[in-house]
Amino acid sequence: MAETPDQIEHDIEAERERLAQNLEQLETRIKRATDWRELLGKYPMAVLGAAFGVGFLLSMLTGPREAPERWYDGARRTTG
């Protein structure tokens, strides 16, 4: 038997409410999982290690591509 338009509207509204609740739960979980203060309290050494690792990677990515000329002054001088 086919549903009436009122039943379909009711089903759609119920589904919207269910999806909104799921979204709120997901947002709460993400906020808790990414709260650095909570992570620092639970896992201080892991957070410190991760911060060191990220800092090292950033320094490798943003550091000088070539060493400054002054580092090679003695080695690059040519006699001639």
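The values are calculated or read from the model by the stated rules, or taken from the named source; none is laboratory data. Remember, predicted model here, so these are calculated numbers, not experimental data. No Cβ is skipped: glycine too gets one built from the backbone with ideal geometry, and neighbour counts run over all protein chains shown.
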So ARG16, is it charged (D, E, K, R), in a helix (DSSP H, G or I) and modelled with pLDDT under 90: no
Enumeration of residues in region 21-37 that are loosely packed, with under 10 Cβ neighbours inside 10 Å and either among the small types (Gly, Ala, Ser) or not in a helix (DSSP H, G or I) (or both): ALA33, THR34
